[in-house]
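Below is one structure, written out as structure tokens, with a few remarks after it.
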Amino acid sequence: MPKDAAVEEFARLVRALKARDGRSYEALGRRLSVSASTLHRYCSGATVPEEFAVVDRLALLCGADEEERRALEAAWTEADRARRRAAAPAPTPAPAVSAAPEPNPDPSAPEPGPGPAPDPTAPDPSAPDPSAPDPSAPDPTAPDPTAAGLSAPDPTAPDPSAAGLSAPEAPRARPRRGAPAPLVAAAVALVVFALAAALLGHPTRTASAPAPASTAPGRTAAPLPFTWSIGSQMWEGGCGHTYLVDRAPRAVAPPPVAADSGAWAGTHGAVHGGEALVRITVQGRSPSDAVVLHALHVRVVDRAAPLPWNAYRMDNGCGGAVTPRHFAVDLDRPRPLARPVDGLDASGAEVRKIPAVSFPYKVTSSDPEELLVSARTAGCDCRWYLELEWSAGGRTGTVRITDGGKPFRTSGTRGRPAYVHDSAEGRWITDSDSGQTG
């Protein structure tokens with residue numbers, strides 16, 4: 001049978017998350033506490049999870065932002081409804097009431113015959129008894145309603161029995177033995193059918209059904225009052241950086257210039273080694289209405305053992321340079337914080353300190369701000385993202401900062417074989433300071 005369109009749309013979004021993350025079904029399943037086959041069924045649309053929580057954890061693990069998570073929850077809600085409709089039992093149709101004569105309940109009893117001919121001298125049972133009182137005649141013992149101030153019954157008034165009101169019941173004929181059974185069964189079936197149709201037509205929300213997604217406090221659908229962009233392949237001083245690559249030295253191209261680092265890293269599947277530098281540029285949309293940046297939070301979504309890859313250094317020492325003020329993040333801490341750190345200017349004759357600046361910041365269209373984040377680790381392969389709190393014109397919110405929709409990734413390099421490039425020989429050689437990596 002073809003899948004429901006809502007289920008297909010939900011499965012498409014889950015597949016996109018999985019493809020964007022790049023990890024296998026087994027690796028993601030271990031992080032989500034589900035089997036690889038179960039996650040594969042979610043991606044193929046063969047199964048819709050009963051709870052949104054597991055899908056939300058997958059979205060966080062793959063770096064989905066708030067808007068993507070709301071769209072994913074809405075798609076899951078529709079797919080879950082389709083799953084419930086498909087799982088609901090179909091109503092049983094009521095049996096048709098046949099007008100055929102009722103069979104004889106006792107098969108050994110003889111079939112009833114035509115019976116004796118009526119006696120012309122016998123009284124007609126349907127004729128009224130002349131000795132019985134006339135029911136239409138007034139009762140001489142009944143009180144006169146006009147004497148008590150009541151109005152006499154109107155002979156032109158409608159029959160109350162026609163309006164569904166109670167009226168004196170007429171004498172009933174004695175039913176034959178066994179006649180009510182099929183009629184009662186048919187009536188019960190009709191009532192059950194009507195109740196089932198009413199319930200299917202007006203489903204009620206159960207405890208497992210999700211409530212409609214609501215807009216979180218402080219979040220609106222209006223455009224952000226500022227723009228932001230990132231640089232995720234930054235090198236210290238424009239020359240110093242380390243990448244982890246799962247290749248032998250002979251299969252690794254020479255180090256690029258810093259401007260081409262993104263393409264080089266993508267071609268080699270490289271991961272930031274020991275430290276990742278992220279530059280965030282924030283600019284307001286109005287020259288007069290300022291946006292206030294209140295805080296920068298670090299969220300680690302996954303921790304694993306450091307990658308067992310080779311470390312390739314993009315330089316062999318940068319020498320003196322300007323180290324701008326930045327926010328330092330220790331990813332090895334249980335709850336990493338973005339701490340403002342002083343910068344150093346070592347390009348002149350003496351080292352000059354550049355004082356750190358803490359939040360809050362103000363930005364406009366003519367006064368942007370750059371935030372440089374240095375995230376370090378020695379003991380994990382960490383996937384992480386940032387959250388930037390802001391306010392402007394009575395509005396508040398939080399923006400998730402990711403690497404093109406995916407978490408940033410940084411892995412420790414301690415103990416890994418380290419290489420530097422010898423430009424004279426045109427090859428990678430072992431770094432004599434490899435014991436200092438990490």
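Coordinate-derived values only; no laboratory data. Just so we're clear, the structure is a prediction, and the values are computed from it rather than from any experiment. Quick reminder, even Gly has a Cβ in these numbers, built from the backbone with ideal geometry, and neighbours come from all protein chains shown.
Please compute the net charge surrounding Val291, taking Lys and Arg as +1 and Asp and Glu as -1 over other residues with Cβ under 15 Å from its Cβ. If you can, show how the numbers build up before the last one.
Working: positive: Arg285, Lys362, Arg395; negative: Asp289, Asp367, Glu369, Glu370, Glu389.
For residues surrounding Val291, the net value is -2.
Can you figure out the FRET efficiency of Glu66 with Arg325, using R₀ = 25 Å and their beta-carbon distance, to the nearest 0.05? Mind dumping the intermediate values first?
Values: r = 29 Å, r/R0 = 1.17.
Calculated transfer efficiency: 0.30.
Summing Lys, Arg as +1 and Asp, Glu as -1, what charge do residues with Cβ under 12 Å from the Cβ of Gly240 carry, Gly240 excluded? All intermediate terms of the calculation are to be shown ahead of the outcome.
Values: positive: Arg313; negative: Glu236, Glu275, Asp315.
Around Gly240, the surrounding residues sum to -2.
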Scoring only Lys, Arg, Asp and Glu (+1, +1, -1, -1) among other residues with Cβ under 14 Å from the Cβ of Ser365 yields -1
In Å, the C-alpha Rg and Dmax of the range 323-399 are 15.5, 48
Candidate cut points under GluC sites (Glu not before Pro) in the range 334-410, DSSP loop plus at most 15 other Cβ atoms within 10 Å of their own Cβ, are Glu350
Packing-ranked peptide list from 246-259, 287-300, 66-79, highest mean Cβ count within 10 angstrom first, is 66-79, 287-300, 246-259
So, with points 7 Å from each Cα along the Cβ direction, the Asp260-Arg23 label distance in nm works out to 3.3
Quick calc: nm separation of the 7 Å Cα→Cβ label points for Thr398 and Ser432 -> 5.0
Treating every alpha carbon of the range 259-410 as one equal point scatterer without solvent, the Debye formula yields log10 I(q)/I(0) values at q = 0.09, 0.14, 0.17 Å⁻¹ of -0.35, -0.83, -1.14
